[in-house]
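Asker: I am attaching a structure below and will ask some questions about it afterwards.
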Amino acid sequence: MSQVLPKTQKDQASPKKAKTVRELGPIDISEIREDVLNLPAELWEKQDYDKPNKFKPLGRTEHIVFQFVRDYDNHIDTVNYPIWDEWKSRLKPILAAAVEAYGYENADFCRIMFAKLPAHSKIALHIDPYKFSNYTHQIHIPIVTNPDVEFIIGHQHYHLSEGYAYEVNNKDIHGAVNAGDSDRIHLIFEYYEK
């Protein structure tokens with residue numbers, strides 16, 4: 001089994017925000033994995049330069065942003081970036097599969113992105129201070145990782161496995177360390193009930 005979460009966190013997903021990390025289950029990423037791994041460095045650099053989330057705690061993390069909020073206090077008001085048109089047909093089935101366990105009848109996404117944490121780098125411990133984070137479920141799907149990557153939340157360390165969806169509580173102190181020799185890439189998105 002590729003999962004190393006404490007048994008107390010292997011509960012079924014509920015509509016409430018996760019207390020720490022909640023495993024949502026396996027997700028088929030085979031349709032996008034090679035495409036993500038083959039994204040050219042120039043595209044990562046350009047997209048990262050233009051990203052709206054230039055926050056110091058993220059360190060050297062690079063992002064390709066598909067959708068983002070216009071206002072950090074309003075999770076409903078979002079903008080799609082041009083690259084979304086190229087990826088949406090491949091990403092929508094993955095997003096839908098990841099959130100199926102919530103059972104929401106009327107819901108939407110407010111931030112969607114790829115996040116690359118380079119080898120031998122980290123995301124500093126921080127709490128997302130934005131009002132909209134109180135209303136959303138932040139979900140991570142590792143596309144590629146290595147055994148030396150840890151996600152930290154509160155005082156617990158987790159290894160998030162490739163091809164699994166996890167909700168993480170971004171209103172608790174959290175960060176990540178990639179002590180490995182290869183990059184870690186996650187699909188990260190925020191989901192909310194309308």
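Asker: Among Ser182, Ser133, Leu117, whose Cα projects farthest towards the positive end of the dipole of the chain, with charges put on the beta-carbon of Lys, Arg (+1) and Asp, Glu (-1)?
Answerer: Ser133
Asker: Still on this structure: Among the lysines, select those whose C-alpha is under 16 Å from the C-alpha of Lys51, and discard any that sit fewer than 8 residues away in the same chain.
Answerer: The reachable lysines, counting only those whose Cα sits under 16 Å from Lys51, are Lys116.
Asker: Show which aspartates and glutamates lie in cross-link reach of Lys16 when reach means a straight Cα distance below 12 angstrom and same-chain residues fewer than eight apart are skipped.
Answerer: Within the straight-line limit of under 12 Å, Lys16 reaches these aspartates and glutamates: Glu167, Glu193.
Asker: If you put +1 on each Lys and Arg Cβ and -1 on each Asp and Glu Cβ, how big is the dipole of the chain around its Cα centre, in Debye rounded to 20?
Answerer: Details: 23 positive and 29 negative charges, 121 e Å.
Its charge dipole is roughly 580 debye.
Asker: Kindly report the accessible area of region 76-169 per residue (heavy atoms of protein chains, probe 1.4 Å, no ligands, DNA or RNA), in Å².
Answerer: Details: 4110 Å² over 94 residues.
Normalised by residue count, the accessible surface of region 76-169 is 44 Å².
Asker: Which entries in Lys19/Lys122; Lys17/Lys194; Lys19/Lys46; Lys122/Lys171 show an alpha-carbon gap greater than 25 Å? Before the final figure, lay out the partial values.
Answerer: Details: Lys19/Lys122 23 Å; Lys17/Lys194 15 Å; Lys19/Lys46 35 Å; Lys122/Lys171 19 Å.
Table pairs above 25 Å Cα-Cα are Lys19/Lys46.
Asker: Amide H of Ala165: which non-local residues (sequence gap of 5 or more, or other chain) have their own amide H closer than 5 Å, using H built in the peptide plane?
Answerer: Counting only residues 5 or more places away or on other chains, the set is Leu24, Gly25, Ile27.
Asker: Moving on. Note down the accessible area of Ile83, probe 1.4 Å, to the nearest 10 Å².
Answerer: 20
Asker: Counting only protein heavy atoms, what percent of the accessible surface of region 114-194 is carbon or sulfur at a 1.4 Å probe? Write out the running numbers ahead of the final one.
Answerer: Numbers: 1510 of 2920 Å².
That fraction is 52 percent.
The values are calculated or read from the model by the stated rules, or taken from the named source; none is laboratory data. In this text the structure is predicted, and so the values were computed from the model without any measurement. Cβ: placed from backbone, ideal geometry, glycine included. Neighbour counts: every protein chain shown. Remember, those area values only see protein heavy atoms, side chains included, never the ligands or the DNA or RNA. Shrake-Rupley method; radii C 1.70, N 1.55, O 1.52, S 1.80 Å.
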